[in-house]
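The values are calculated or read from the model by the stated rules, or taken from the named source; none is laboratory data. In this text the structure is predicted, and so the values were computed from the model without any measurement. We place every Cβ from the backbone using ideal geometry, glycine too, and count neighbours over all the protein chains shown. Keep in mind that these areas ignore ligands, DNA and RNA; they rest on the heavy atoms of the full protein, side chains included. Shrake-Rupley method; radii C 1.70, N 1.55, O 1.52, S 1.80 Å.
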Amino acid sequence: MDRYQSFANSGFGRFVVGRLGLPRPHPLRRHVPGQPPLDGPVLLGGGGRLVEPVRAALGSMGAEVAAEVGTDAGRPAALVFDASGIDSVERLRELHEFFHPVIRSLGPSGRVVVLGAPPASTGSTGSRIAQRALEGFTRSVGKELKRGGTAQLVLVAPGAEDAVESTLRFLLSGRSAYVSGQVIRVGPARVGAPEDWERPLAGKVALVTGAARGIGAAIAEVLGRDGAHVVCLDVPAQGEELSKVANRVGGSSLQLDVTAADAPARLVEHLDLRHGGVDVVVHNAGITRDKTLGRMDAARWDAVVAVNLASQVRVNEALLAADALRPDGRVIGVSSIAGIAGNVGQTNYATTKAGVIGMVDALSAEVAGRATVNAVAPGFIETKMTAAVPLVIREAGRRMNSLSQGGLPVDVAEAIAWFAHPASSGVNGNVVRVCGQSLLGA
Ligand code: NAD
């Protein structure tokens, strides 16, 4: 908890914050291994093609499914509504009918998940309009929810009804603590349930760049927790910290500057020789060299492009050319909300982070069926990078989102673990913001 958050949740602080109308950031429920994903029943409604597959997935998660509130089951922990069958403007009223009576009874860190169909996949003009309308509804619910609640829209393509479980497990649990207001697309995929949902990456090899600290170290930890052997990569200058992370997660370390001319070749060789290939590649290494454009020398521009974008493209090309990405592989980029909204002093950085989104668009189509390519776009995450931001800007970054607080590195890591999951083969071409529904780039 940051200092303001502790104050706002103390007895006196609650009074002051209430009187002044200031945000009161609620402590978020996060995933604890071994604990159930939800701490109450799920209220399931709607009547499209997804209700039954979703009911089955909820059962597999061990969630209790209720048909109405007010029963002995207690406050709902989640409200899940299948809106995929809504095919006219008139029928949008079903959203109001389901949510209006129950939304205020949702428990703390409650979850709202609306399920729909990709508008372009629907047959009629009415469906297309109604399905697109779900976005405005869900994003607004995310902004209205209090006490750490989140809301998402999941668009499930025809034929992908059985491919939603890993996404539901992520969205309904504390793993998605800092994700809200997102639209996620799930496509058809052959998805076998993992032997052990707690260690879905057992036997897999994952590469994480920039793993010596911050978000990268958290990604290494979470992928290691999920059973992967993690190859932790960082520059030689971070060698000591890198070894500590690698030891902690039971992985190995690789000292390499991703911008070096021979980096892609060395990386492929290392992964092939030591591990016989790689299953999950996480391009996390990133730098900032901020200056407004008129004051930005070419060195700042070039350094940021080299680390944040060019290295990812070169490494991907080398891995694919050498066939080093194993079947059903995962490529995961780390973008930023700056790549969506733009930011003063960050023309170089935002160019690269938008470029990462372009990479997801292009490569996800190219490798569809044999791998997935997705990205996270973090907002304000509490790391050394953001601790160095001047106080006023830092406070604005923390509070200007629906959850009124910064995220933690683990929040970004959990989203990456969901992309990496073997049951997420249908999750391809997504850019999911881990930003507490930041007002920037909304
Ligand atoms: P950080 O500076 O704490 O860590 C970045 C790591 O990348 C460092 O260990 C660094 O040594 C490594 N690295 C830098 N250049 C490298 C190179 N050439 N080769 C290999 N490794 C290299 O940053 P962080 O806050 O943990 O950010 C991680 C990623 O998340 C970055 O891509 C960043 O742009 C992105 N991001 C962060 C935030 C945030 O709020 N912290 C928000 C949006 C996006």
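Examine the range 317-335 for a residue that is open to solvent by 50 Å² or more (accessible area, probe 1.4 Å), in a helix (DSSP H, G or I) and closer than 20 Å to residue 212 by Cα, and state whether such a residue exists. Scanning the range 317-335, I find no residue that is open to solvent by 50 Å² or more (accessible area, probe 1.4 Å), in a helix (DSSP H, G or I) and closer than 20 Å to residue 212 by Cα, so the answer is no. A search for C-beta distances below 9 Å between a residue of the range 270-294 that is more than 30 Å from residue 389 (Cβ to Cβ) and open to solvent by less than 10 Å² (accessible area, probe 1.4 Å) and any residue that is aromatic (Phe, Trp, Tyr) and within 16 Å of the ligand (Cβ to nearest atom), counting only pairs 6+ apart in sequence or on different chains, returns 280/419. Close Cβ contacts (under 9 Å, 6 or more residues apart or on different chains) running from residues in the range 377-400 that are within 10 Å of the ligand (Cβ to nearest atom) and open to solvent by less than 60 Å² (accessible area, probe 1.4 Å) to residues that are basic (Lys, Arg) and in a loop (DSSP other than H, G, I, E, B) comprise 383/213.
Yes or no, residue by residue, for (1) without any contact (Cβ under 8 Å) to a residue 12 or more places away in the chain; (2) closer than 21 Å to residue 271 by Cβ:
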position	(1), (2)
181	no, no
185	no, no
191	no, no
203	no, yes
237	yes, no
246	no, yes
251	no, yes
254	no, yes
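In the range 401-408 there is no residue matching the filter, namely being within 15 Å of the chain's Cα centre (by Cα), away from the ligand (no atom under 12 Å from the Cβ) and buried (at least 19 other Cβ atoms within 10 Å of the Cβ). Scanning the range 204-245 for residues that are in contact with a strand residue (DSSP E or B) (Cβ under 6 Å, 6 or more places away or on another chain), under 14 Å from residue 420 (Cα atoms) and not in a helix (DSSP H, G or I) turns up 204, 205, 206, 207, 208, 228, 229, 230.
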